[in-house]
Amino acid sequence: MSRQSIGEALAVRLYAAETAIDQALTETAFLAAALPSARAEAYLSAVTGQRVFDGAAASISALAEARSHLIQTHTALAALARKLGLDTLAIGPLDKPGDQPPIGGGPGKDGDTGGTPLARSEVNKPLTNKDNKVLPNTAAPC
């Protein structure tokens, strides 16, 4: 295996890990948001459910810390790739801070990615004359 192909495989794994952490954070936040009304609907005292609230909050904190470590890993891998002279490895749908012009590669306006990954020739290709994309879980373009 070449260094380039190893880097590409790691980029795919890194993107999968980042996506998994973000999904876990999203689901845990939804759970934490649902707890107060669930407690009230079940006619439980605030004291009864406090351990549940604490557990959900601790989970969010731990996931946020894990995400931070994963972003540090991402930065370190990107620096190593540059040091080794590897081609830019952009895997995933979102632009990175500092991408000028934005790289793109996310879902289309209808949110459909077609179910297939981008062709290598389309990765890091600048988008011209394109509207801002709507980010996942948002209602308006950024």
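The table that follows gives values for the structure above.
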| quantity | calculated |
| --- | --- |
| Kirkwood hydrodynamic radius of segment 1-78, Cα pairs, Å | 14.7 Å |
| Rough spin-label spacing in nm, given labels placed 7 Å along Cα→Cβ, for Ile6 and Ile60 | 4.1 nm |
| Segment 1-85: relative contact order as a whole-number percent, Cα under 8 Å and 6+ apart | 42 percent |
| Within the accessible area of segment 22-84 (1.4 Å probe), percent carbon and sulfur | 64 percent |
| Separation of the Ser45 and Leu31 label points, Cα + 7 Å toward Cβ, nm | 2.6 nm |
| Two-site FRET efficiency, Leu77 against Asp22, from Cβ-Cβ distance with R₀ of 25 Å, rounded to 0.05 | 0.90 |
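The values are calculated or read from the model by the stated rules, or taken from the named source; none is laboratory data. Just so we're clear, the structure is a prediction, and the values are computed from it rather than from any experiment. Ideal geometry is used to build each Cβ from the backbone, glycine not excepted, and the neighbour counts take in all protein chains shown. With ligands, DNA and RNA removed, areas are computed over all heavy atoms of the protein, side chains included. Shrake-Rupley method; radii C 1.70, N 1.55, O 1.52, S 1.80 Å.
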